[in-house]
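Participant: After the structure tokens below, expect a handful of questions from me.
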Amino acid sequence: AEDGYDLWLRYQPLESAAKARVAPAVRYFVASTDRPIIAAAADELKRGLAGMIGAAPSQREKIDQAGGILISTDEVAFEVAGRPSGLGDEGYAIRTRNVSGKPTIFIVAHSDVGVLYGVFRFLRLLQTGQSIDNLDIIDAPKLKVRVLNHWDNLDRHVERGYAGLSIWDWQKLPLHKDPRYVDYARANASIGINGTVLTNVNANADILRPDYLQKVKALAEVFRPYGIKVYLTARFSAPIELGGLKTADPLDPAVQAWWKAKIDEIYTVIPDFGGLLVKANSEGQPGPADYKRTHAEGANMMADALAPHHGILMWRAFVYAAENAEDRHKQAYTEFQPLDGEFRDNVLVQVKNGAIDFQPREPFHPLFGAMPRTPLMMEFQITKEYLGFATHLAYLGTMWEEALQSDTFRPARGSTVAKVIETPIDAGAATGMAGVANIGSDRNWSGSQFDQANWYAFGRFAWDPDAKAGPIARDWARMTWGNDPAVVEPVVGMMMGSREAVVDYMTPLGLGHLMATGHHYGPGPWVSDLARPEWNPVYYHKADAAGIGFDRTARGSDALGQYAPEVVEAWGNPETIPEKLLLWFHHVPWDYRTKSGRILWDELVTRYDAGVGAVGKMQADWDGLRGKVDTARWAEVRDFLAIQHQEATWWRDASIAYFQSISKRPLPAGHKPPA
Ligand code: GCW
């Protein structure tokens with residue numbers, strides 16, 4: 001059905017010429033399908049080829065004729081495939097080799113899951129219209145832990161979810177396993193995701209109860225053949241809520257014993273359980289600070305209980321406190337940086353890409369590069385909490401590439417955020433990336449057709465943080481909308497400009513956190529009456545008669561001082577900071593001369609106009625695809641773009657009207673006031 005359910009695994013029939021070329025090369029396969037992961041790989045191969053060339057390959061005992069695909073982890077296969085190196089535990093090689101004169105495609109890896117990834121890669125070649133002659137591909141993930149974070153509550157409400165209820169149907173588990181769980185696992189494995197945290201970081205301790213663990217076990221069984229481990233969130237006060245203890249103090253022996261017993265119990269039920277994710281002392285969550293203990297003391301207590309099982313603990317650095325008057329930008333660094341080197345080996349500190357909160361644009365988080373003795377993992381938000389939920393089209397690949405390619409200058413020039421997270425702090429240390437999922441029980445999974453691209457791109461960046469957003473968009477567009485260049489080019493063009501459009505109509509020139517209160521949908525730059533100062537948009541833009549922007553230089557909050565000296569130097573001066581970050585770090589006069597030659601006020605208005613204009617352009621591009629893609633998906637995208645255009649206009653007009661009441665300046669020539 002043309003409803004988007006199949007995601008990027010649509011396996012549409014190839015054109016007849018391509019079909020004729022490919023078919024003789026993929027007539028049969030050889031694989032040890034008695035192993036569950038290899039069986040899953042073989043199933044996918046059959047499904048994909050049946051869809052694309054109209055015939056599933058048969059299975060044979062050995063390579064004895066032309067047109068074979070050998071799927072293997074065996075030494076002999078490696079011998080023939082030429083012993084490709086650099087595969088690691090999860091990488092793969094795809095190579096064409098002659099076996100007694102018969103051209104054969106080898107998909108080899110050192111592990112079953114590596115083979116599974118290789119098969120998905122092979123299918124991607126066909127899906128994206130590439131040749132499968134003389135293959136010689138080697139690929140391996142650069143990060144070890146590649147996980148989704150579901151902010152899913154046990155009542156199936158998804159915090160910041162815009163795609164319906166949680167797909168985890170706890171009431172019917174463990175006896176009923178929705179077939180969707182398999183498709184979820186396939187989609188994730190196809191992009192290399194190897195773990196999933198099932199529950200919300202604003203955790204409910206009940207997930208750790210024995211009855212829920214049976215349900216988690218059922219999900220783990222579905223995911224195992226796809227190389228996906230389950231993880232859970234742990235509420236720090238669970239020893240009180242579930243264990244009946246008086247305290248959750250991490251240094252209390254009874255608390256330590258409770259966690260040890262609980263974690264042992266989890267591993268009895270789920271032997272390959274991945275580990276725990278904790279949000280502590282942030283936005284009202286309990287944590288070690290309640291007992292005057294540090295984040296390291298809290299994390300280490302749980303990490304010690306996980307270590308004998310090789311489990312990991314992901315401890316979030318997203319903290320800011322109501323009683324703390326320090327610039328919110330600074331708080332995570334202030335609390336965590338001094339703890340560098342104090343965390344156990346199996347702890348990963350999970351850091352959001354920016355220091356505030358998943359804004360359309362933020363500078364990179366100053367913790368990256370600043371904790372060389374602590375494994376830091378990246379946290380991106382796939383769900384678009386601050387970027388127009390599921391209706392606004394915003395491809396996040398460009399945003400993630402921008403964050404990952406930012407130079408931290410720590411320890412030296414070229415130490416990009418990507419390098420920081422890719423480089424283990426010592427041999428064997430963990431590395432990782434987490435993405436807050438945008439998945440729900442909507443038929444199309446993500447709430448819109450184009451939001452599937454963000455799930456897809458997240459997997460690709462978790463596999464390779466040095467990947468580029470453009471080629472990822474192109475692969476996704478081909479797999480999702482077909483290989484016709486008349487479709488691919490406009491779709492990729494729309495995607496690549498889409499996030500900048502959102503920045504322009506919501507928070508141009510380095511503004512941030514101006515969304516309406518609570519739900520974060522639509523403009524609210526005027527809001528100033530919330531109890532906590534750092535929840536009010538006025539705290540972030542600081543517009544006054546003189547100008548606009550948050551002075552975070554040494555003259556102001558000095559959040560800038562948390563970055564390396566090279567960054568401080570470049571960004572400390574309004575003339576040398578990239579203009580897209582200007583108002584994040586500087587309070588600038590309304591008549592400040594910007595790069596375009598316009599004064600700041602005129603430039604601001606021009607940016608808002610550009611954002612709305614870019615959405616109009618996307619609408620026109622999409623109209624041009626009528627009849628070139630299926631009607632159902634086309635119409636949905638058309639409608640969502642209409643919503644986006646209406647709301648981009650709302651953002652622009654409301655923001656300009658509000659800021660004009662402060663700047664008291666005339667609208668620049670060329671700006672059309674609202675009708
Ligand atoms: O982005 C903010 C959200 C909260 C979220 C929090 C966090 C899960 O508004 O809904 O809580 O961040 O990341 O912990």
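Throughout, read-outs are computed from the coordinates displayed, never taken from laboratory work. For clarity, every value in this text was computed on a predicted model and none was experimentally measured. Here the Cβ is made from the backbone with ideal geometry for all residues, glycine too, and neighbour counts use every protein chain on show.
Participant: Counting pairs of alpha carbon atoms under 8 Å apart in space and at least six apart in sequence, what relative contact order in percent does the chain give?
Facilitator: 11 percent
Participant: Could you tell me how far the Cα centroid of segment 90-168 sits from the Cα centroid of segment 284-329, in Å?
Facilitator: Centre-to-centre (Cα) distance: 33 Å.
Participant: Which helices, counted as full DSSP H runs in the chain, have an axial Cα extent of no less than 18 Å and a Kyte-Doolittle average of 0.5 or above? Each step should come with its number before you reach the end.
Facilitator: Working: long enough: 36-53 (25 Å, 0.79); 112-127 (22 Å, 0.96); 210-223 (20 Å, 0.09); 253-269 (24 Å, -0.05); 485-506 (31 Å, 0.70); 600-623 (34 Å, -0.29); 631-663 (47 Å, -0.34).
Result, helices passing both filters: 36-53, 112-127, 485-506.
Participant: Looking at the square roots a ≥ b ≥ c of the eigenvalues of the Cα gyration tensor of segment 16-139, which shape do they give, rounded for a/c under 1.5, prolate if a/b is larger than b/c, or oblate? Before the final figure, lay out each step's value.
Facilitator: Values: a/c = 1.38, a/b = 1.31, b/c = 1.06.
In terms of gyration-tensor shape, rounded.
Participant: Let me ask you something else. If segment 142-192 were replaced by its equivalent ellipsoid, with semi-axes equal to the square roots of 5 times the Cα gyration tensor eigenvalues, what would those be, largest first, whole Å?
Facilitator: 21, 16, 10
Participant: Taking only the Cα atoms of the chain, how large is their convex hull per residue, in Å³?
Facilitator: Per residue, the Cα convex hull of the chain comes to 157 Å³.
Participant: Something else about it: Sorted by average packing, counted as other Cβ atoms within 10 angstrom per residue and highest first, what order do 658-666, 450-458 take?
Facilitator: Sorting 658-666, 450-458 by mean packing, highest first, produces 450-458, 658-666.
Participant: Treating only the Cβ of Lys, Arg, Asp and Glu as charged (+1, +1, -1, -1), what charge dipole size does segment 184-239 show about its Cα centre? Round to the nearest 20 debye. Walk me through the intermediate numbers first.
Facilitator: Numbers: 7 positive and 3 negative charges, 19 e Å.
The calculated dipole for segment 184-239 is roughly 100 debye.
Participant: Which order, highest average first, do 350-361, 132-143, 199-210 follow once you tally other Cβ atoms within 10 Å for each residue and take the mean per peptide?
Facilitator: In descending order of packing, they fall as 350-361, 199-210, 132-143.
Participant: Please list 100-112, 426-438 highest first by mean number of surrounding beta-carbon atoms within 10 Å per residue.
Facilitator: For the peptides 100-112, 426-438, the packing ranking is 426-438, 100-112.
Participant: Among residues other than A654 whose Cβ falls under 15 Å from its Cβ, what is the net charge (Lys/Arg +1, Asp/Glu -1)?
Facilitator: Spelling it out: positives minus negatives among the neighbours equals -2.
Participant: Would you work out the Kirkwood radius for segment 145-481? I mean one over the mean of 1/r across all pairs of different Cα atoms, in Å.
Facilitator: So the Kirkwood estimate lands at 20.1 Å.
Participant: Report the local net charge at P508: Lys and Arg +1, Asp and Glu -1, summed over other residues whose C-beta lies under 15 Å from its C-beta. Numbers along the way, then the final one.
Facilitator: Values: positive: R361, R499, K580, K595, R598, R607, R652; negative: E362, E500, D504, E579, D602, E603, D609, D653.
After counting each charged neighbour, the total is -1.
Participant: In whole Å, how far is the Cα centre of segment 580-614 from that of segment 449-490?
Facilitator: Centre-to-centre distance over Cα atoms comes out at 31 Å.
Participant: Still on this structure: Provide the gained length on full extension for the span R121 to A570, in nm with one decimal, where the gain is 0.36 nm per separating residue minus the Cα-Cα distance. Present the calculation step by step, with values, prior to reporting the outcome.
Facilitator: Values: separation 449, 0.36 × 449 = 161.64 nm, distance 4.11 nm.
So the chain would gain 157.5 nm between R121 and A570.
Participant: Taking the DSSP beta bridges in the chain as the whole, what percent of them are antiparallel, to the nearest 5?
Facilitator: 30 percent
Participant: Quick one: net charge around V278, please, counting Lys, Arg +1 and Asp, Glu -1 for every other residue with C-beta under 12 Å from its C-beta.
Facilitator: Value of the local net charge: +3.
Participant: Let me ask something additional. Straight-line reach only, C-alpha to C-alpha below 16 angstrom: list the lysines that K595 could link to, leaving out same-chain residues fewer than 8 apart.
Facilitator: K580
Participant: Sticking with this structure for a sec: Name the trypsin sites (Lys or Arg not before Pro) in segment 249-325 that are in a loop by DSSP and that have at most 11 other C-beta atoms within 10 Å, would you? Show your work: numbers first, answer last.
Facilitator: On the way: sites: K260, K262, K279, K292, R293, R316; in loops: K279, K292, R293.
The qualifying sites are K292.
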